[in-house]
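Since the structure comes first, as structure tokens, the remarks are kept for the end.
Readers should treat all values here as calculations from the given coordinates under stated rules, not as data from a laboratory. Note that the coordinates shown come from a computational prediction; the quantities given were computed from them, not determined experimentally. Cβ sites come from the backbone with ideal geometry, for glycine too, and all protein chains shown count toward neighbours.
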Amino acid sequence: MKYLVCNFKNKLVKDDIVKYNNRLSEISAKKVKLVVVPSLPFLAFFDKNGYSIGSQDISSFMDKTITGEVTGEQLKSLGVEYVIVGHSERREYRHEINIDFINKINNAIYNDIKVIYCIGETLKEKEDGNTYMVLEKQISEVLNNVEIKNIIIAYEPVWAVGTGVRPKNKELKENIEFIKDIIEEKYDTKLEVLYGGSINASNIGELNTIKCIDGFLVGGASTDINSLENMLLEIEK
Ligand code: PGA
């Protein structure tokens with residue numbers, strides 16, 4: 001079953017969430033594993049009826065008392081099943097680095113929360129021909145230091161996130177296959193790989209024809225319930 005992970009980022013306020021939720025309760029995802037990832041304050045608004053909820057963050061600390069942090073145990077107590085780690089926006093603006101990802105993944109796994117670990121090259125890295133090197137580094141520097149359990153990779157080229165541009169199908173297929181091969185080679189296991197970056201209801205059908213993609217991580221387009229409904233229809237066709 002393919003994933004459709006809806007990353008609301010820091011969008012939508014309480015009234016929007018209530019409206020979204022009302023419509024969500026009328027939508028059923030039959031052939032898709034739907035995961036709603038709202039901002040942290042709204043996690044408890046979602047009833048998880050026919051879909052799962054994910055968190056956009058988890059504390060990188062385990063046993064410290066820290067104002068403003070949200071622990072794996074707290075997320076678990078809300079029924080959170082997934083957490084996004086390593087998103088390019090957090091790499092860029094929060095300056096999160098490998099040690100943060102390693103600690104967050106460990107905390108998630110300890111609490112039986114599945115990790116969606118985001119990787120992807122910048123435009124400069126792509127133009128310099130370094131995509132494979134960057135992807136391999138982002139994989140090994142983190143996954144070498146965690147238990148390879150309950151981890152899903154999200155391939156999100158940084159230049160495709162929120163920009164309206166996305167890789168050509170051939171490039172996307174090659175990069176996803178590279179990620180899958182390298183993981184199998186290094187860890188002797190298969191991990192599912194999602195694609196994310198400028199997905200919407202008009203292009204998800206075409207992306208869905210790329211067989212090696214195990215699902216989609218959608219930002220902007222997922223904050224509109226009509227577009228979510230259309231994306232589901234496209235995948236379930
Ligand atoms: P986008 O974001 O769909 O708005 O490009 C994807 C993501 O950041 O997960």
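Below, the figures for the structure above:
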read-out	value
Stretchable slack from ILE66 to THR163, in nm (0.36 nm times residue separation minus alpha-carbon distance)	31.4 nm
Proximal lysines relative to LYS190, as straight alpha-carbon distance under 23 Å, when same-chain residues fewer than 8 apart are discounted	LYS2, LYS31, LYS33, LYS104, LYS114, LYS137, LYS149, LYS170, LYS173, LYS180, LYS211
Sequence-separation-based contact order of segment 1-83, relative, with Cα cut under 8 Å and 6+ spacing, percent	29
Euclidean distance of C-alpha centroids, segment 136-166 and segment 190-237, integer Å	17
Net charge, PHE61 excluded, C-beta distance under 14 Å - Lys, Arg +1, Asp, Glu -1	-4
Extension gain from LYS237 to LYS211, taking 0.36 nm per residue of separation minus the Cα-Cα distance	7.9 nm
Leading residue at positive end of dipole, the chain (Cβ point charges), from GLN138, GLY220, ILE152	GLY220
Net length gained if the chain between VAL13 and GLU185 were fully extended (0.36 nm per residue, minus Cα distance)	57.5 nm
Candidates VAL161, VAL134, VAL218, ranked by Gaussian network fluctuation over the chain, Cα under 10 Å, top entry	VAL134
Value of Rg to Rh for the chain (Rh from inverse mean 1/r over Cα pairs, i.e. Kirkwood)	0.94
Two-site label geometry, SER77 and GLU229: point separation in nm, points 7 Å out along Cα→Cβ	3.7
